[in-house]
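**Q** Structure provided below as structure tokens; questions to follow.
The values are calculated or read from the model by the stated rules, or taken from the named source; none is laboratory data. Values in this document were obtained by computation on a predicted structure and should not be read as measured data. Virtual Cβ from ideal backbone geometry, glycine too; neighbours counted across all protein chains shown. Just so you know, the surface numbers come from the protein's heavy atoms only, side chains and all, with ligands and any DNA or RNA stripped out. Shrake-Rupley method; radii C 1.70, N 1.55, O 1.52, S 1.80 Å.
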Amino acid sequence: MGGVDDNEPPLKRPKVPLGDSNSFSGDSFLTQSAACSLGDLMARPLPSQGDEEAVGSKGVIKRSEFIKIITRALYSLGYDKSGALLEEESGIPLHTSVVNLLMQQVRDGKWNESVATLHTIGGLDETTVKSASFLMLEQKFLELLRIDEVTDALDTLGNEIVPLCVNVSRIHELTACIVSPSWSAILGLSSHDTDVAKSRSKILEKLQRLFPAAVMIPEKRLEHLVEQTLDVQRDACVFHNTLDGDLSLYSDHHCGRRQIPSQTLQVLQAHTDEVWFLEFSHNGKYLASSSKDQSAIIWEVISYESRHGHGYGHRYEYDMVKEDGRVSLKHVLTGHQKPVLMVSWGPGDHQLLTCGLEEVIRRWDVATGECVHIYEKNGVALVSCGWFPDGRGIFSGMTDKSICLWDLDGRELECWKGQHTLRISDMAVTDDGKRIISICRETAILLLDREAKFERLIEEEEVITSFSLSKDNKLLLVNLTNQEIHLWSIEGDLKVVAKYKGHKRARFVIRSCFGGFEQAFVASGSEDSQVYIWLRGSGELLLTLPGHSGAVNCVSWNPTNLHMLASASDDCTIRIWGLDQLNLRDRISESNDGTHYSNGRT
């Protein structure tokens, strides 16, 4: 593909010039370096009574607080006997005797006594005391109403609740409950509600949120601290590419580059000519590809589980571990009379659009592989396709440089005339359906606000060959002819926030994509037959993946399987990439569906 000056516009694929076509809570041990390990945060064995008051290697964890938090966790998990035993053995009660008395009085509905006890608890300011008194007296009022003790309820309201001068609007609502029974229903205070114990438990929960943590240990405090620790480790993991469900407390978390797909797991060989485009479905269960051979293919990603044994001696157990899925051919879609330029998945992944090169758009049923509609317009050809987020309409760029919107039956709903797209052009619509994004000039991308009838432009100095919109609709990857990829922020002021270099582009359209956990990586094809992967935030080139024998035109990262990447090439193949430590069989075999299995060596 050499012999063409770099300034010549990119082609894909008859050689037609482009111009013609968490904040932390402040707990002391969490103020350490972001790279702190879970091991550093865990306590050493508890010292005996009378020893130093701090535990842990850093000496910053107060022993009494640590034991109280563990005790609270045991009670929260339902291990009441273990919690009580820890209180007894350590000599450190979870709460003071006064707080325990208050809690029991609330459970028993002894409201006058509970208000009196409240005033004996130290460490509470006047505002907290009034607010807590209001909660308990309100519950007293409501319980009196439930048993039709209206006179006593009215006395509680006027002589106990109102003098607190707290939450006046709520007092008005409580008054309305006496005047009009219908208000009780509006407030959810049915007289038939006999679950008093449940409502009293809710009062204790509210008191817990109201009181200082030193007075009443917050529910699930230990869980919260551990989650914060995992957040610190995850945020400090430069190459993080693991789902939260895969994080473990047993060891410090560190992904490393091994969590980035870098080994060929499969080579798909069903296409008979250059593969120009591919894209995973939103649910990650399918992959669609399009080719110069005038066909598109729907592939199915089949996940499976394998048995992994562990243990020793006579105790040997097996765990079912989910492995990266294999990809198999589902449907070959034929009918286009020209090369298929691109595909687009419908919002529910039940339908797929395919766009021929300056031809028509076809809509396919994914389950059956049947074409259910053809979109075309007299006098012009279609050059791009996409779905509106609600799935009720599709859009396309036209050879007359307009953008058209149709309903599913092919009726034209809107059409934007003028310089809105090129003859070879990417397009996208934001998830709210308000903005249409398209390449409108060789060096500019149009952001069209449909509702406000307002247009903004991303302007580059070099020719734009393709772009990709991030999942959150805030970022745009823009591929240029000068062998750079620019990351644009399209929220607020338009600006370049990162640049990626190293891949090769001499003549043709090369596409890139976001991928990985929270789309923290950028992947791109390249004309040197390799796949390139960068860290999105820093622009650091992490990996180059050899294996193809022709230009890599397009890449797609599975949105639900962080460890699966697909690449499409001029060598007529699609490669499925996964983790290099996967226990692959050291063999190469052929299958009837045109799938080639590889151990990753080339």
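**Q** Kindly indicate whether GLU518 is of a type in the set (Asp, Glu), closer than 25 Å to HIS282 by Cβ and open to solvent by 10 Å² or more (accessible area, probe 1.4 Å).
**A** Yes, satisfied.
**Q** Right, here's the next one. Can you tell me which residue among ARG441, ARG411 is modelled with pLDDT of 90 or more and either open to solvent by 20 Å² or more (accessible area, probe 1.4 Å) or over 30 Å from the mean Cα position of the chain (by Cα) (or both)?
**A** Just a single option satisfies the conditions, and that option is ARG411.
**Q** Does the range 87-99 contain at least one residue that is loosely packed, with under 13 Cβ neighbours inside 10 Å, within 30 Å of ASN159 (Cα to Cα), at pLDDT 50 or above and over 36 Å from the mean Cα position of the chain (by Cα)?
**A** Checked against the condition, which is being loosely packed, with under 13 Cβ neighbours inside 10 Å, within 30 Å of ASN159 (Cα to Cα), at pLDDT 50 or above and over 36 Å from the mean Cα position of the chain (by Cα), the range 87-99 yields at least one hit.
**Q** Report, by residue number, each residue of the range 350-363 that is open to solvent by 10 Å² or more (accessible area, probe 1.4 Å) and farther than 11 Å from LYS338 by Cβ.
**A** HIS350, GLN351, ARG362, ARG363
**Q** Out of curiosity, is VAL478 touching a Pro at 6+ places or on another chain (Cβ under 6 Å) and open to solvent by less than 30 Å² (accessible area, probe 1.4 Å)?
**A** It is false that VAL478 is touching a Pro at 6+ places or on another chain (Cβ under 6 Å) and open to solvent by less than 30 Å² (accessible area, probe 1.4 Å).
**Q** Taking into account only those residues within the range 234-283 that are under 21 Å from the mean Cα position of the chain (by Cα) and of a type in the set (A, V, I, L, M), which is surrounded by the fewest Cβ atoms within 10 Å (Cβ to Cβ)?
**A** Looking at residues that are under 21 Å from the mean Cα position of the chain (by Cα) and of a type in the set (A, V, I, L, M), I get LEU243.
**Q** What are the pairs, 6+ residues apart or on separate chains, where a residue within the range 540-559 that is closer than 23 Å to MET342 by Cβ has its Cβ under 7 Å from a residue that is at pLDDT below 95 and surrounded by fewer than 17 Cβ atoms within 10 Å (Cβ to Cβ)?
**A** Qualifying pairs under 7 Å: ALA551/MET1.
**Q** If you check LEU135 against the conditions, is it more than 45 Å from the chain's Cα centre (by Cα) and either surrounded by 13 or more Cβ atoms within 10 Å (Cβ to Cβ) or not assigned by the TED database to the domain that holds LEU207 (or both)?
**A** Considered against the rule, which asks whether it is more than 45 Å from the chain's Cα centre (by Cα) and either surrounded by 13 or more Cβ atoms within 10 Å (Cβ to Cβ) or not assigned by the TED database to the domain that holds LEU207 (or both), LEU135 comes out as no.
**Q** Within the set of pairs 6 or more residues apart or between chains, which connect a residue that is over 16 Å from ALA197 (Cα atoms) inside the range 86-114 to a residue that is open to solvent by less than 40 Å² (accessible area, probe 1.4 Å) and among the hydroxyl-bearing types (Ser, Thr, Tyr) with Cβ atoms less than 6 Å apart?
**A** Qualifying pairs under 6 Å: LEU86/THR71; GLU87/THR71; LEU94/THR71; LEU101/THR117.
**Q** Is it true that GLU143 is more than 43 Å from the chain's Cα centre (by Cα), closer than 27 Å to VAL168 by Cβ and open to solvent by less than 40 Å² (accessible area, probe 1.4 Å)?
**A** For GLU143, the condition - more than 43 Å from the chain's Cα centre (by Cα), closer than 27 Å to VAL168 by Cβ and open to solvent by less than 40 Å² (accessible area, probe 1.4 Å) - is met.
**Q** Determine whether the range 511-519 contains at least one residue that is in a loop (DSSP other than H, G, I, E, B), in the same structural domain as CYS355 (by the TED database) and out of contact with any strand residue (DSSP E or B) (no Cβ under 9 Å at 6 or more places or on another chain).
**A** The answer is no; no qualifying residue exists.
**Q** When only residues in the range 444-495 that are assigned to a strand (DSSP E or B) and among the β-branched types (Val, Ile, Thr) count, which is nearest to ILE403 (Cα to Cα)?
**A** Restricting to residues being assigned to a strand (DSSP E or B) and among the β-branched types (Val, Ile, Thr), the top hit is ILE445.
**Q** Residue check, HIS486 against (1) modelled with pLDDT of 95 or more; (2) out of contact with any Gly (no Cβ under 8 Å at 6 or more places or on another chain); (3) of a type outside the set (Phe, Trp, Tyr); (4) under 23 Å from PRO546 (Cα atoms), all met but one. Which one?
**A** That leaves (4) as the condition not met.
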